[in-house]
Amino acid sequence: MLTILDDINFRVGAGTSVAILGASGSGKTTLLGLLAGLDTPTHGEVIIDGRNLNDFDEDGRAQIRAELVGFVFQNFQLLYGLTALENVMLPLELAQAPHARKSAEELLDRVGLGERIQHYPNQLSGGEQQRCAIARAFATRPRCLFADEPTGNLDSETGKRIIDLLFELNIEQGTTLIMATHDVQLSQLCKQMIHLDSGRLVEHATGNNHD
């Protein structure tokens, strides 16, 4: 049997920021998927906001994600048949939130896409798609936001803007921010750093606050 993660044990406080570091293949993306309830562990427990994900079936975990979790995927996972506005409105509409369009427009304006709301993903640059994905992830004001290599496909200037935006929203909304990254500079902006090596936690350190 292939073991992807082994002997991982840590706690994350509400409203903090965490970087999960490690080389490609170290298990960073798998760990994010487990923490968000997208995958289920063979052994062990994942507890979010006092709820043990093992106690829920897929529908139950999906409901918890809808209530508590935002996720920014490395490949964005925008719906290409929807405009930027419709992509951000979707989670709000699924949550039956009032004023979904107005909230989505305000978020897209905040991430610098106010003039691009009617564009489809294939009409947006990589950085613009990433910003749209961040707006979508923050739309429902999640308690916890997971981001998989948020700067991995971006040039350094665009990557810096994305990181600044993530931390701004983290602070303003009190969202717990957990990022998988190989970017050491980015990790040092987080309050906690978790280092993985071949699926094992080799260091759990305290980083710096982001100013």
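Brief remarks on what is shown
- Cβ-Cβ under 9 Å pairs, at least 6 apart or on other chains, segment 113-127 side under 15 Å from Leu154 (Cβ atoms), far side aromatic (Phe, Trp, Tyr): Gly126/Phe76
- Filtered by the rule that a residue be of a type in the set (A, V, I, L, M, F, W, C) and in contact with a strand residue (DSSP E or B) (Cβ under 9 Å, 6 or more places away or on another chain), segment 112-161 gives Ala133, Ile134, Ala137, Phe138, Ala139, Cys144, Leu145, Phe146, Ala147.
- Pairs are defined by a Cβ separation below 8 Å, a sequence spacing of at least 6 or placement on different chains, a first member in segment 138-156 that is of a type in the set (Val, Ile, Thr) and modelled with pLDDT of 85 or more, and a second member that is open to solvent by 20 Å² or more (accessible area, probe 1.4 Å) and in a loop (DSSP other than H, G, I, E, B); the pairs so defined are Thr140/Ala95; Thr140/Ala97.
- Any hit, segment 50-67, residues being in contact with a helix residue (DSSP H, G or I) (Cβ under 8 Å, 6 or more places away or on another chain), in contact (Cβ under 8 Å) with a residue 60 or more places away in the chain, part of a helix (DSSP H, G or I) and open to solvent by 30 Å² or more (accessible area, probe 1.4 Å): yes
- Looking only at residues of segment 11-43 that are farther than 17 Å from Leu145 by Cβ and not in a loop (DSSP other than H, G, I, E, B), we find that the one that is least open to solvent (accessible area, probe 1.4 Å) is Leu21.
- Search result, residues across segment 72-115 that are under 19 Å from Asp164 (Cβ atoms) and among the charged types (D, E, K, R): Glu106, Asp109, Arg110
The values are calculated or read from the model by the stated rules, or taken from the named source; none is laboratory data. Given the structure is predicted, the values throughout are model-derived calculations rather than measurements. When we count neighbours, we look across all protein chains shown, and the Cβ atoms used for this are built from the backbone with ideal geometry, even at glycine. Remember, those area values only see protein heavy atoms, side chains included, never the ligands or the DNA or RNA. Shrake-Rupley method; radii C 1.70, N 1.55, O 1.52, S 1.80 Å.
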